[in-house]
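Accompanying notes for the structure given below.
The values are calculated or read from the model by the stated rules, or taken from the named source; none is laboratory data. All of these numbers come straight from a predicted model, not from anything done at the bench. Here the Cβ positions follow ideal geometry from the backbone for every residue, glycine too, while neighbour counts run over all protein chains shown. Calculation scope for accessible area: heavy atoms of the full protein, side chains included, ligands and nucleic acids excluded. Shrake-Rupley method; radii C 1.70, N 1.55, O 1.52, S 1.80 Å.
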Amino acid sequence: MAAHSLRGFRDLLPPDSTLFTAIEAAARGIFALYGYRELRVPTIESKELFVKSTGETTDIVEKEMYAFTDGGGREVAVRPEGTPGVVRAYIEQNLSQSGRNAKFYYIGNMFRAERPQAGRFREFEQVGAEYIGNASPFADAETIAMLLKFLEKAGLPGCSVDLNSLGCAECRKNYRQTLLAYLRGCSEKLCEPCRGRIERNPLRALDCKIDGPWLAETAPKLTLCPDCSAHFSRVQDLLKLSGVKFSVNPGLVRGLDYYTRTVFEVRSSALGSQDAVCGGGRYDDLVKSMGGPAAPAIGWALGVDRLAMLLKDKHALDDSPKAFVIAAAKEAGDKAFELLSALRDAGLAADFSNFELSLKSQMRSADKSGAAFALLIGEDELKAGTVTLKPLKEKGDQRTIPFSEAPSTLHTLLKG
Ligand code: HAM
């Protein structure tokens with residue numbers, strides 16, 4: 001029996017893969033403007049790293065992580081998200097000492113054993129950004145503004161951000177008790193997993209896919225301490241100054257444990273109600289709690305698969321070659337091969353099928369390729385040192401030009 005891919009895992013075929021590449025290129029372009037540099041961290045880390053940072057009681061760690069004991073008896077996990085690896089590298093590689101801003105981006109595949117459905121995969125790609133070492137509201141505003149510039153550059157302008165503040169450890173200490181008392185009071189209404197974890201982490205119930213929506217209406221709300229409140233209003237002022245559209249959503253809690261203060265998400269109605277295209281926030285205590293220096297931080301990660309779904313209908317991606325070269329006579333193969341090379345050297349995407357096949361068959365391939373022009377070399381062209389140029393997409397006469405002029409003529413025609 002032929003082999004199949006695993007459920008929730010998929011092949012990414014062109015032109016979708018071309019769209020992913022375009023999104024990645026847009027991200028790299030924006031990151032360079034904001035001083036972010038790429039950090040590549042391993043796909044597999046110790047399981048403990050994610051348990052301690054993403055959070056023991058999160059769905060990601062409790063239910064979705066691909067964790068296993070390797071051949072050497074080590075407890076490892078395939079990364080479900082990028083932030084813990086970046087923080088580990090920041091600490092382990094002493095990146096706080098580099099003298100440069102600790103602004104890092106990553107582009108890579110993440111793995112979560114979620115129930116597969118539209119826009120939710122077990123292997124998916126994230127573009128992520130982490131800014132470590134700046135506690136000021138300017139960092140929050142810059143990070144969020146950069147995200148929107150990226151979305152705009154990738155082809156999704158005018159997005160609005162859902163914004164909230166989860167306060168600091170101090171604000172949450174009191175709130176934890178209030179919330180726990182409330183949840184204990186209505187525990188019979190909670191789903192099984194929430195009932196099991198409210199004592200360890202009552203806040204997680206607010207993010208539960210089952211109980212979160214009704215708890216957002218009924219549960220007591222967090223009150224921010226004066227410092228957190230001032231920080232949150234500064235962030236909002238700076239976002240207004242940056243022209244970022246946002247709305248404050250007190251129900252936004254995020255599904256990972258490390259967040260403090262500002263949290264945000266970008267949602268799209270096209271993705272179904274549960275799903276965000278991007279999420280992030282501050283994590284001012286994480287670096288220290290992982291054994292590093294006291295370094296406040298903020299970041300986000302965007303789901304490339306989800307962004308590609310949103311962009312797919314908007315972009316008629318043209319990944320066709322510009323020129324399709326044809327050898328119209330057997331002995332013209334070498335010259336046609338030379339022409340391919342000359343076109344590519346001039347920056348023109350050029351392709352061919354098989355110079356040993358009939359003219360008819362090569363023409364059929366040229367039509368299917370989506371190329372704008374077919375460039376033919378037959379017996380006559382070979383003798384005269386010329387190339388015949390035939391438009392494939394638009395009506396127009398074919399013309400014969402000197403071989404050496406083929407790249408420049410094609411450039412001119414494509415511009416016109
Ligand atoms: P997250 O909200 O868990 O945050 O994931 C970020 C994005 O990854 C989501 O908004 C979504 O677009 C995408 N994503 C998550 N799960 C899936 C899935 N199963 N299939 C397809 N796409 C998915 C984080 O991962 C944090 N590390 C973000 C962050 C960085 N916070 C601070 N720094």
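The set of residues from the stretch 235-287 being modelled with pLDDT of 95 or more, of a type in the set (Ser, Thr, Tyr) and either within 17 Å of Gly212 (Cα to Cα) or within 13 Å of the ligand (Cβ to nearest atom) (or both) comprises Tyr258, Tyr259, Thr260, Thr262, Tyr283. Scanning the stretch 259-287 for residues being out of contact with any His (no Cβ under 9 Å at 6 or more places or on another chain), of a type outside the set (A, V, I, L, M) and open to solvent by 40 Å² or more (accessible area, probe 1.4 Å) gives a total of 5. Within the stretch 27-53, the set of residues being aliphatic (A, V, I, L, M) and either under 18 Å from Ala145 (Cβ atoms) or touching a residue at least 24 places away in the same chain (Cβ under 8 Å) (or both) comprises Ala27, Ile30, Ala32, Leu33, Leu39, Val41, Ile44, Leu49. Close Cβ contacts (under 9 Å, 6 or more residues apart or on different chains) running from residues in the stretch 138-152 that are closer than 16 Å to Ser233 by Cα to residues that are of a type in the set (A, V, I, L, M) and open to solvent by 20 Å² or more (accessible area, probe 1.4 Å) comprise Ala141/Leu241. Among the residues of the stretch 41-75, the ones that are farther than 21 Å from Met290 by Cα and away from the ligand (no atom under 16 Å from the Cβ) come to 6 in all. The single condition among (1) of a type in the set (A, V, I, L, M, F, W, C); (2) assigned to a helix (DSSP H, G or I); (3) free of Cβ contacts under 8 Å to residues at least 60 places away in the same chain that Leu339 does not meet is (3).
Residues in the stretch 288-304 that are near the ligand (Cβ under 9 Å from one of its atoms) and either among the aromatic types (Phe, Trp, Tyr) or open to solvent by 10 Å² or more (accessible area, probe 1.4 Å) (or both): 3 in all. Filtered by the rule that a residue be over 18 Å from Asp59 (Cα atoms) and either in contact with a Gly (Cβ under 9 Å, 6 or more places away or on another chain) or free of Cβ contacts under 8 Å to residues at least 12 places away in the same chain (or both), the stretch 187-213 gives Ser187, Glu188. Do the conditions hold for Gly133, that is, is it more than 10 Å from the ligand (Cβ to nearest atom), open to solvent by 40 Å² or more (accessible area, probe 1.4 Å) and among the small types (Gly, Ala, Ser)? Considered against the rule, which asks whether it is more than 10 Å from the ligand (Cβ to nearest atom), open to solvent by 40 Å² or more (accessible area, probe 1.4 Å) and among the small types (Gly, Ala, Ser), Gly133 comes out as yes. Identification of strands (runs of 3 or more DSSP E) wholly contained in the stretch 37-107 with 1 or more residues that are of a type in the set (S, T, N, Q) and out of contact with any Cys (no Cβ under 8 Å at 6 or more places or on another chain) yields 44-46, 66-69.
Restricting to the stretch 161-190, what's the tally of residues that are assigned to a loop (DSSP other than H, G, I, E, B) and modelled with pLDDT of 95 or more? Steps first, please.
Applying the first criterion (assigned to a loop (DSSP other than H, G, I, E, B)) to the stretch 161-190 yields 166-168, 186, 190.
Among the residues that remain, those that are also modelled with pLDDT of 95 or more are: 166-168.
Count: 3.
Every condition in (1) in contact with a helix residue (DSSP H, G or I) (Cβ under 6 Å, 6 or more places away or on another chain); (2) surrounded by 12 or more Cβ atoms within 10 Å (Cβ to Cβ) is met by Gly385 except one, and the failing one is (2).
Checking Leu163, Leu190 one by one, the residue that is more than 28 Å from Ser268 (Cβ to Cβ) and either open to solvent by 10 Å² or more (accessible area, probe 1.4 Å) or of a type in the set (A, V, I, L, M) (or both) is Leu190 and no other.
Based on this model, can you work out whether Ser365 counts as modelled with pLDDT of 95 or more, out of contact with any helix residue (DSSP H, G or I) (no Cβ under 7 Å at 6 or more places or on another chain), part of a helix (DSSP H, G or I) and more than 18 Å from Leu339 (Cα to Cα)?
Working: modelled with pLDDT of 95 or more: yes; out of contact with any helix residue (DSSP H, G or I) (no Cβ under 7 Å at 6 or more places or on another chain): yes; part of a helix (DSSP H, G or I): yes; more than 18 Å from Leu339 (Cα to Cα): no.
Considered against the rule, which asks whether it is modelled with pLDDT of 95 or more, out of contact with any helix residue (DSSP H, G or I) (no Cβ under 7 Å at 6 or more places or on another chain), part of a helix (DSSP H, G or I) and more than 18 Å from Leu339 (Cα to Cα), Ser365 comes out as no.
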